[in-house]
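Here's the structure we're looking at; comments come further down.
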Amino acid sequence: THIHTILAIQMERRVHDLAKSPKRSRREENRLDRDQVSSAVQALLAYHKKSRAEKLDLSEEYVLVQIGLKKALGTAKVKPHVITVPHVLRDQPSVCLLVKDSDKSWVKALTVEGTQVGQKKKRPKIDGTRATKRKRREESVFEIGDKDAEKQDPSVAKVISLSKLRTSYARFQARRELRDNYDVFVADDRILPMLTKTLGSTFFSRRKQPIAMDVTRPSALNARILAAATMPNLVLKTGTNCIAINLAHTDMSIDQIIDNIIHGVNSIINDYVPKQWSGVLNVHLKLHDSVALPIWNSTFSVDELPSTTSNTSIEPPKKISNQDTLTSKKKTSIKKT
């Protein structure tokens with residue numbers, strides 16, 4: 001009874017403390033100063049203009065955001081995450097879509113030619129054998145619509161089936177040319193686990209792994225593909241304490257770059273960083289060949305600083321006498337004999 005009384009008092013105190021403490025929302029407020037971001041962006045744009053004038057190259061360049069973390073990320077998925085920003089990162093990207101063999105006909109008609117999809121096929125029940133299941137997987141789900149009807153705006157430059165990818169792009173040189181010919185790759189989420197070995201390291205080293213997309217819902221498929229292709233893509237790596245992502249480019253206006261950086265950084269930290277802003281060490285902006293300019297630094301609390309004093313007493317090393325060494329040698333000699 002005495003133990004139950006103590007537990008009841010502790011529970012009552014815990015409930016009282018929780019009632020007094022303010023509730024924290026999942027999404028914290030913005031901690032970036034717009035003036036600090038603006039000064040960093042203006043310095044990067046001035047450096048870009050000067051360096052490109054010396055090299056006679058006025059092509060655009062991405063603005064890279066580096067988010068330093070206090071603790072390395074744990075297990076992270078390799079697939080890209082689409083980050084929504086106010087202004088698109090790519091105006092007219094070339095997109096390559098990877099699909100199943102059975103869906104290539106109607107997906108190509110919809111995304112490349114702009115033909116609307118017909119009705120969904122009514123397929124009879126199967127007997128459950130392995131041959132019928134294989135045949136069912138090879139059948140198309142939707143029919144191709146009327147080609148003379150009003151067409152939609154195409155969103156994909158090329159559609160490649162899984163079998164075509166395994167045969168025509170089996171060589172390393174062919175996969176590398178495929179990687180360089182398109183800006184963004186989108187894949188059916190049903191075949192995404194099979195693409196890791198098929199595409200190889202040439203895609204993952206350049207962070208061009210496909211974005212997962214549900215192609216079984218043809219309604220607004222073109223709009224979803226364009227939204228994923230024009231927005232920044234975040235790839236998280238296991239064991240790293242830095243997140244790097246391109247959120248803007250130098251051809252944008254200053255206000256557009258600032259808006260993308262503020263919205264993108266807050267979205268990444270609030271959704272993908274453990275403890276949100278409490279787990280962030282610093283945030284920097286940089287170009288490809290420029291120095292990293294800080295736009296936010298964390299302030300350590302007293303609890304996070306390493307303690308200089310310790311309560312544990314350090315004992316001096318024990319002196320070994322000659323008698324101890326002799327006895328140890330005798331013991332080892334006895335064991336050998």
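The values are calculated or read from the model by the stated rules, or taken from the named source; none is laboratory data. No experiment lies behind these values; they were computed from the predicted model shown. Positions of Cβ are generated from backbone atoms using ideal geometry, with glycine treated the same way; all protein chains shown enter the neighbour counts. Note: accessible area is taken over every heavy atom of the protein model, side chains too, but ligands, DNA and RNA are not part of it. Shrake-Rupley method; radii C 1.70, N 1.55, O 1.52, S 1.80 Å.
Across region 213-223, not a single residue is classified as within 28 Å of residue 48 (Cβ to Cβ) and open to solvent by 10 Å² or more (accessible area, probe 1.4 Å).
Please determine whether any residue of region 225-247 is closer than 18 Å to residue 111 by Cβ, part of a helix (DSSP H, G or I) and in contact with a helix residue (DSSP H, G or I) (Cβ under 9 Å, 6 or more places away or on another chain). Yes; the residues of region 225-247 include at least one that is closer than 18 Å to residue 111 by Cβ, part of a helix (DSSP H, G or I) and in contact with a helix residue (DSSP H, G or I) (Cβ under 9 Å, 6 or more places away or on another chain). Within region 221-244, residues that are free of Cβ contacts under 8 Å to residues at least 40 places away in the same chain reach no partner that is of a type in the set (Lys, Arg) and surrounded by 19 or more Cβ atoms within 10 Å (Cβ to Cβ) with beta carbons closer than 6 Å at six or more positions or on different chains.
Annotation note: Cβ proximity below 8 Å between a residue of region 154-173 that is within 14 Å of residue 101 (Cα to Cα) and a residue that is at pLDDT 85 or above and charged (D, E, K, R) (sequence gap 6+ or interchain) occurs for 161/100; 162/100. All conditions but one from (1) of a type in the set (D, E, K, R); (2) modelled with pLDDT of 85 or more; (3) under 28 Å from residue 176 (Cα atoms) apply to residue 255; the one that does not is (3).
Condition check: over 27 Å from residue 276 (Cα atoms) and assigned to a strand (DSSP E or B). Does residue 159 satisfy that? Yes, satisfied.
Taking (1) touching a Gly at 6+ places or on another chain (Cβ under 9 Å); (2) closer than 30 Å to residue 256 by Cβ; (3) at pLDDT 85 or above; (4) exposed (fewer than 14 other Cβ atoms within 10 Å of the Cβ) in turn, residue 153 satisfies each apart from (3). What do you reckon, is residue 265 over 30 Å from residue 71 (Cβ atoms), touching a residue at least 60 places away in the same chain (Cβ under 8 Å) and surrounded by 17 or more Cβ atoms within 10 Å (Cβ to Cβ)? Considered against the rule, which asks whether it is over 30 Å from residue 71 (Cβ atoms), touching a residue at least 60 places away in the same chain (Cβ under 8 Å) and surrounded by 17 or more Cβ atoms within 10 Å (Cβ to Cβ), residue 265 comes out as no.
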